[in-house]
Amino acid sequence: MSSTAQTPTRRLVFPFTAIVGQEEMKLALLLNVIDPKIGGVMIMGDRGTGKSTTIRALADLLPEIDVVADDPFNSDPHDPDWIDNDGSAQAVRLTVKKKVPMVDLPLGATEDRVCGTIDIEKALSEGVKAFEPGLLAKANRGILYVDEVNLLDDHLVDVLLDSAASGWNTVEREGISIRHPARFVLVGSGNPEEGELRPQLLDRFGMHAEIRTVKEPALRVEIVEQRAAFDQNPQEFLENHQTAQEAMQKQLVMAREKLPSVEMDYEQRVKISQVCSELDVDGLRGDIVTNRAAKALAAFEGRNEVTVDDIRRVITLCLRHRLRKDPLESIDSGYKVEKTFSRIFGLEPSSEESTVAASNGIR
């Protein structure tokens, strides 16, 4: 049985396709939406560069999903693994359409607020598993956004990364255990001036995007004017970008469908691993994520085979944060990754690489 949920009055969100600049951040977010197994994205950059605006815009852009009505976990009614609490099949439950959930995790959140709690007294007196879902349940099949993640308690960051990697959240209290799906795209952001995450935690984010304040005056003016136009008449601004939004949404849906059929040449996979090896990247996460991201990019652009250019565009995002061994060391801007990639893949350094090298004083 299915039904269409009434659309409540909701806050209008700045459209994703109207965001100017910050291409690195937008690409990383889109690829994680196409393949959530990439493992989320860490966005580090200056204050006031549109991090939160972009993430909310992405969540608003995504197509509505089918969920089981009145289910606290946004369960997929078409998932054969889903069984109701009383053991009944999902076929008898009402299905509704819902926007992809976008959950903000506040810095002061406790573990109980994040993971959920079990009412022990009710469980013992009534013999039922009285579970109060937390933010991880609310974020299932959506986006979990942690602003200033570098200021969050390391233990909580561990919990988030474990859930994001496994797709499940387990809560145990006094011998009672509850387990529920927690499949979400984890997005963290922060300002490097306030400190970095420990390398062990940073490594578990699939991608790392660096954003900087736009320097070009013409672009700054365009951004200011776009924002002013949206604030003055949000409805009209959204209508003007409706066609572009729908086209982008359709492109994302097609990319998800195409992703399983995208192939990567064996030699390309060997060279990716060679880059990771020469850069002394610990573990195999770098290899795995680069492979996934390159395939997601090919799917996004409607191709069935990964090209060297696909790998070039994602490899810095996937590896730059995995080079840091010392917690006091700053994250490489990407020059080392680009240089090693160009050499192993037999490419001449691009003009962009040369500019980065020059800015770092490297010849």
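The values are calculated or read from the model by the stated rules, or taken from the named source; none is laboratory data. Everything numeric in this text was worked out from a predicted model, so none of it was measured. Positions of Cβ are backbone-derived with ideal geometry, glycine not excepted, and every protein chain shown enters the neighbour counts.
Taking residue 348 as the residue in question, decide whether it is in the same structural domain as residue 265 (by TED's automatic domain parsing), at pLDDT below 55 and farther than 24 Å from residue 285 by Cα. Here the answer is no, as residue 348 does not meet what is asked.
Scoring residue 264 on the criteria (1) more than 21 Å from the chain's Cα centre (by Cα); (2) more than 15 Å from residue 38 (Cβ to Cβ) leaves a single failure, condition (2). Looking only at region 288-323, residues that are farther than 11 Å from residue 337 by Cα, crowded, with 20+ Cβ neighbours inside 10 Å and of a type in the set (D, E, K, R) come to 3 in all.
For region 198-212, the tally of residues that are more than 15 Å from the chain's Cα centre (by Cα) and outside any loop (DSSP other than H, G, I, E, B) stands at 4.
In the condition set (1) of a type outside the set (Asp, Glu); (2) modelled with pLDDT of 85 or more; (3) not in a helix (DSSP H, G or I), residue 325 is compliant with all but (2).
Within the span defined as region 137-157, one or more residues are of a type in the set (D, E, K, R) and closer than 22 Å to residue 46 by Cβ. A count restricted to region 137-164 and to residues that are part of a helix (DSSP H, G or I) and within 13 Å of the chain's Cα centre (by Cα) stands at 3. Considered as a group, the residues in region 172-197 that are touching a residue at least 24 places away in the same chain (Cβ under 8 Å) and assigned to a helix (DSSP H, G or I) include one that is farthest from residue 55 (Cα to Cα), and that residue is 194. Taking every residue in region 116-141 that is in the same structural domain as residue 160 (by TED's automatic domain parsing) and on the phi > 0 side of the Ramachandran plot and pairing it with any residue that is at pLDDT 65 or above and acidic (Asp, Glu), at least 6 positions away or on another chain, the pairs with Cβ-Cβ distances below 9 Å are 116/132; 141/76. Comparison of 150, 169 shows that the only residue that is in contact (Cβ under 8 Å) with a residue 40 or more places away in the chain, assigned by TED's automatic domain parsing to the domain that holds residue 28 and touching an Asp or Glu at 6+ places or on another chain (Cβ under 7 Å) is 150. Taking each residue of region 297-323 that is free of Cβ contacts under 8 Å to residues at least 60 places away in the same chain and assigned by TED's automatic domain parsing to the domain that holds residue 267 and looking for partners that are surrounded by 24 or more Cβ atoms within 10 Å (Cβ to Cβ) and among the aromatic types (Phe, Trp, Tyr) with beta-carbon atoms closer than 6 Å, six or more apart or interchain, yields 315/341. Does residue 104 satisfy being surrounded by fewer than 16 Cβ atoms within 10 Å (Cβ to Cβ) and modelled with pLDDT under 85? No, not satisfied.
In region 1-29, the residue that is modelled with the lowest pLDDT out of those that are among the aliphatic types (A, V, I, L, M) and touching a Leu at 6+ places or on another chain (Cβ under 7 Å) is 1.
Quick check: anything in region 212-228 within 28 Å of residue 59 (Cα to Cα), at pLDDT 95 or above and in contact with a helix residue (DSSP H, G or I) (Cβ under 6 Å, 6 or more places away or on another chain)? No; the residues of region 212-228 include none that is within 28 Å of residue 59 (Cα to Cα), at pLDDT 95 or above and in contact with a helix residue (DSSP H, G or I) (Cβ under 6 Å, 6 or more places away or on another chain). What are the residues in region 287-322 that are part of a helix (DSSP H, G or I) and of a type in the set (S, T, N, Q), if any? Of everything in region 287-322, those that are part of a helix (DSSP H, G or I) and of a type in the set (S, T, N, Q) turn out to be 290, 291, 316.
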